[in-house]
Amino acid sequence: MYKNLLTALLAVSFFGIVAWSPFGSKLTVKDGKASLPLSEVSDGQAHYFDFDAGGKKVKFFVVKSSDGTVRAAFDACDVCYPAKKGYAQQGDYMVCKNCGMKFHSSRINVVSGGCNPSPLNRTVDGDRLVFAVSDLAAGARYF
């Protein structure tokens with residue numbers, strides 16, 4: 001039931017209506033861009049999202065690191081993505097749930113390759129964190 005509801009909400013989001021993640025943050029998709037309020041992801045905790053890329057669920061997370069930068073990455077890496085386990089937050093680190101490697105949150109979007117969380121381009125526009133839908137869809141290869 002919840003899967004169908006989430007799928008329906010994400011499908012509707014392509015028409016500019018607000019969608020949500022199961023964790024409460026709102027993701028809005030409109031005019032080739034997806035965005036969310038910075039206020040919802042500025043607490044230092046990792047926030048996880050699903051994005052429907054043509055029937056493929058692309059998972060990503062957003063976290064504000066201790067240096068004050070809001071960062072984003074796919075919930076996968078180049079090495080462990082076949083296991084489809086993603087990352088969990090432990091303090092200021094994101095930890096691969098497959099191999100156990102730890103990555104300081106200030107390195108998200110800075111270091112790529114290997115088991116580092118795969119970077120997701122993002123920009124800040126006023127009070128919103130913005131992603132190109134094409135960048136989100138490019139992450140489908142991990143899922």
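The values are calculated or read from the model by the stated rules, or taken from the named source; none is laboratory data. What you are looking at is a predicted structure, and each value in this text was computed from that prediction instead of being measured. All Cβ positions, even for glycine, are placed from backbone atoms using ideal geometry, and neighbour counts span all protein chains on display.
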_Looking at region 91-102, I want the residues that are among the β-branched types (V, I, T) and have a partner that is modelled with pLDDT of 95 or more with Cβ atoms under 7 Å, at least 6 apart or on another chain. Which pairs are those?_
V95/Y87; V95/A88; V95/K102
_Can you find, within region 27-66, the residue that is surrounded by the fewest Cβ atoms within 10 Å (Cβ to Cβ) among those that are hydroxyl-bearing (S, T, Y) and under 15 Å from R128 (Cα atoms)?_
S39
_Among the residues of region 45-66, what is the count of those that are in a loop (DSSP other than H, G, I, E, B), closer than 25 Å to K97 by Cα and at pLDDT below 95?_
2
*Does N109 satisfy the criteria of being surrounded by 15 or more Cβ atoms within 10 Å (Cβ to Cβ), on the phi > 0 side of the Ramachandran plot and not in a strand (DSSP E or B)?*
yes
_I need a count of the residues in region 23-39 that are under 13 Å from the mean Cα position of the chain (by Cα) and either of a type outside the set (S, T, Y) or modelled with pLDDT of 95 or more (or both)._
6
